[in-house]
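Q: I am attaching a structure below and will ask some questions about it afterwards.
Each value in this text was obtained by applying a stated rule to the coordinates, not by laboratory testing. Because the structure is a prediction, the values reported are computed rather than measured. Here the Cβ positions follow ideal geometry from the backbone for every residue, glycine too, while neighbour counts run over all protein chains shown.
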Amino acid sequence: MLPVLIDPEDFVGSLAGALQFISYYHPKDFLASLGAAYAREESAPAREALAQILTNSKMAAIGQRPMCQDTGAVTVFLKVGQQVLFDTERSLQDLVNEAVARAYGDPSNPLRASMVRDPLFDRVNTGDNGPAVLHVQLAPGRTVEVAAVAKGGGSENKSKFAVLNPSASVADWVVNTVETLGAGWCPPGILGIGVGGSSEKAMLLAKQSLLDDIDMPDILARGPKTDLESLRVEIYERVNALGIGAQGLGGLTTVVDVKIASYASHAASKPVALVPQCAANRHIHFTLDGSGPAVFETPDLNDWPTVGGASESPAPRQVNLNTLTREEVADWKIGETLLLSGALLTARDAAHARLAKLQAAGEPFPVDFKGRALYYVGPVDPVAGEAVGPAGPTTSGRMDGFTDMMLDTGLLVMIGKAERNDATIASLKRHGAAYLIAVGGAAYLVSKAVKSARKLAFEDLGMEAIYEFQVQDMPVTVAVDAGGGAIHKSGPAQWRETIFQRKAKA
C-alpha cells in the first residue's frame, strides 16, 4: 500500500487557520460551562466579571478579533501515522513555524507576537510569535492528528511541579497549590494535572489533559464511576470551596473542570504537575488524511449564553481621569465598579524596567505621571477602524517591585489584573492611591472603550511602549482602595466561609 502524501501547504494553511480560529472562538463546551457558572454565581463582583468575559467572547466571535490581547505561545501536538509522508524536504518544525508566522501576521486579524528568542539575556521579540513548541508522536495509521494550543503567559506562569512521596495525597497537593496561585491565571478555568512518568512527562501529561472535552457536569449528574473520576470530583469540589471565584474576586466557581492524566512511574516517586488553563481556553483538534486542508465549522452565535438583566449592584460610578484628585480616589471602596473616561497612560514590564534605569542614572522620566492613572497592558495591533486592538490587562504582580518608584511620582491609580503583594498594598495606602482591575479575558470589550491611542515613549518596545489612551466608560473594579482594603484577600475569605457554613448545614 502506497503511503499517504500530505501537501505541506495543506498542513501549514490548516494550522494557520486553526490558530486564527481559536483566537476569537471559544470551544462550545467551555461556553456552556461559563454560562452555567454565571447563572449560579451569587458574588456580585464575580458575576460581573463572568458577564464581561461572556460578552467579550461573543463580541470577539462577531468581530473575529482576539478575545484576549495575550494571543499566546503556540504548542502543537502531532500524532503522525507511520504510513504518512510529508511531501517536502523541510522539517516539521519549519512547517509549524511558518504556520504560526502566517497566522500571527494575518493583516485581517493580526495577533500579538509575544515570543522572545533569547530568554536569558537580550529577550528581543521574534516578531512573528515563533518558534512554536512542537511535540511529535509516531503511531500506526494513515492520518496526521493535530492539536494546537495558544496559551497565555498569565496561566502558563502558574504551572507547578513537585515530586511527592508515593503515599502522599495528590488532591491535597493540588488544592494547597491552587490556594497559592492567586488570580493571575484568570479563573474560572480548567486544571490540568499530570501524575507519573518523570518530571518532563508529568508536565506534558498535564498540558495535554487540558485538550480533552469538558465532562465534569456529566460526571456530577450521574456520579463518578471510577477512582479517577472520584479524584477529579474531589479536587473540583475542594478547589471551588476555596472561594477564589472569577478573577479571584471571591465566588462560587473557580474551576469548571479538573483533568487528570497518568503514566507509569518509578516505585520511589510520584511526580505531579499542575497546569492551569485560563478563561480564554484556546485549543483545537483537526485531522489531515491527504485529501486537502482542514475545514473549521463556524459556531452558531446562539451557543453564547445570555447575560445581563437586573442587577443588585449599584450603578457604576463615573470617573473623569482628566480631573482626578486624591480626595476622589480616597472615596472609592473595594468591589465598587467604576467607568473611566479621559486620558489613561499605559506601561508594563519592559517600560517599568527602563524607567528604573533612568531613575538610577538620575535622568528624568519621559512622561509626567503626577495625578494620572496607569494601565498595565500590551495591546494587539489595530486593524482598520480601531483605535487599538484588544487591550486587556496583564498580571499586575510583575510590576510590584516598581510600586514605590511609580507612586512617588504622584501617580494616583494603577490598573491591571489579579492581586498585589502586601508591600504594594501598604505602599498604596501610604500614598493614598488605589489599584483597579479590568477583567482578564475581556480584552476586546475593553478595547471598545479606547477611542484613540498614541505612543508617548519607548516606541522601540512595540506593544510594551508607553501609550496614552483616550477612554470612554472603561469598566474596572476597585481591588485595593486608598485605605488598604484588598478584595483579593477579603473576597475569597468571605466566600470560603460562606461555602463552609452552607456545607456544615447541609
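Q: Apply the membrane-span-like helix rule to the chain: whole DSSP H runs, Cα extent along the own long axis of at least 15 Å, mean Kyte-Doolittle hydropathy at least 0.0. List the helices found.
A: Those that clear 15 Å and a mean of 0.0 are 8-24, 28-40, 44-63, 92-104, 170-180.
Q: Could you rank the peptides 161-170, 126-135, 463-472 by their average count of other C-beta atoms within 10 Å per residue, with the highest value first?
A: The packing order, highest mean first, is 463-472, 126-135, 161-170.
Q: Got a sec? Charge dipole of the chain, +1 on Cβ for Lys and Arg, -1 for Asp and Glu; which of SER262, PHE402, SER91 is way out at the positive end?
A: The listed residue farthest towards the positive side: PHE402.
Q: For each pair in LYS158/LYS259; LYS79/LYS259; LYS207/LYS505; LYS357/LYS489; LYS58/LYS333; LYS160/LYS417, compute the distance between the two Cα atoms and list the pairs where it is over 26 Å.
A: LYS207/LYS505; LYS357/LYS489; LYS58/LYS333
Q: Continuing with this model, one more query. Please express the shape of the range 395-506 as an equivalent ellipsoid: the semi-axes are the square roots of 5 times the eigenvalues of the C-alpha gyration tensor, given largest first in whole angstrom.
A: Equivalent ellipsoid semi-axes, largest first: 31, 19, 12 Å.
Q: What is the ratio of the Cα radius of gyration of the range 89-202 to 2.2 N^0.38 Å, with N the residue count, to two decimals?
A: 1.35
Q: Roughly what % antiparallel, to the nearest 5, for the DSSP beta bridges in the range 317-491?
A: 60
Q: At a 10 angstrom cut-off on C-beta neighbours, averaged per residue, how do the peptides 186-197, 224-235, 289-300 rank from highest to lowest?
A: Ranking the peptides 186-197, 224-235, 289-300 by packing returns 186-197, 224-235, 289-300.
Q: According to the Kirkwood expression over distinct Cα-Cα pairs, how big is the hydrodynamic radius of the range 206-346, in Å?
A: So the Kirkwood estimate lands at 20.5 Å.
Q: Another one. Of the DSSP beta bridges with both residues in the chain, give the percent that are antiparallel, rounding to the nearest 5.
A: Counting only bridges with both partners in the chain, antiparallel ones make up about 60 percent.
Q: Please name which of PRO393, LEU456, LEU301 has its Cα lying farthest along the dipole of the chain towards the positive end, using unit charges on Cβ (Lys, Arg +1; Asp, Glu -1) and the Cα centre as origin.
A: PRO393
Q: For the peptides 401-410, 338-347, what is the packing order when you average, over each peptide's residues, the other Cβ atoms within 10 Å and list the highest mean first?
A: 338-347, 401-410
Q: Dipole size in debye (nearest 20) for the range 162-283 around its Cα centre, Lys and Arg Cβ +1, Asp and Glu Cβ -1?
A: Approximately 200 debye in magnitude.
Q: Here's a follow-up. Using only the C-alpha atoms of the chain, find the volume of their convex hull and express it per residue in Å³.
A: Roughly 169 Å³ of hull volume per residue.
Q: If Lys and Arg each add +1 and Asp and Glu each add -1, what is the summed charge of the other residues whose beta carbon sits under 10 Å from the beta carbon of ALA150?
A: Residues near ALA150 contribute +1 overall.
Q: Another question, if that's okay. Determine which aspartates and glutamates satisfy two conditions relative to LYS448: a Cα distance under 17 Å, and not lying fewer than 8 residues away in the same chain.
A: In chain and number order, the partners are ASP70, ASP381, GLU386, GLU468, ASP473.
Q: Taking 25 °C and 0.890 mPa s as the conditions, I'd like the Stokes-Einstein D for the range 317-491 in µm²/s, using the Kirkwood hydrodynamic radius from alpha carbon pairs.
A: 154
Q: Give me the dipole magnitude in Debye, nearest 20, for the range 425-506 about the Cα centre, with unit charges on the beta carbon: positive for Lys and Arg, negative for Asp and Glu.
A: Roughly 560 debye for the range 425-506.
Q: Another question, if that's okay. Regarding the range 192-245, what is the average projected area of its C-alpha convex hull, in nm²?
A: 4.6
Q: Can you show me the helix-derived [θ] at 222 nm for the chain, built from DSSP H runs with n ≥ 4 at -39,500 (n - 2.57) apiece and divided by the number of residues, rounded to the nearest 500.
A: My calculation for the chain gives -10000 deg cm²/dmol from helical runs alone.
Q: Enumerate cysteines in the chain without a disulfide-compatible partner, where compatibility requires another Cys Cβ under 4.7 angstrom.
A: CYS68
Q: Tell me, what does the Kirkwood hydrodynamic radius of the range 160-286 come to in angstroms if you use every pair of distinct C-alpha atoms?
A: 14.7
Q: What is the order of TRP304, TRP495, fewest Cβ neighbours within 10 Å to most?
A: Least crowded to most crowded, the residues run TRP304, TRP495.
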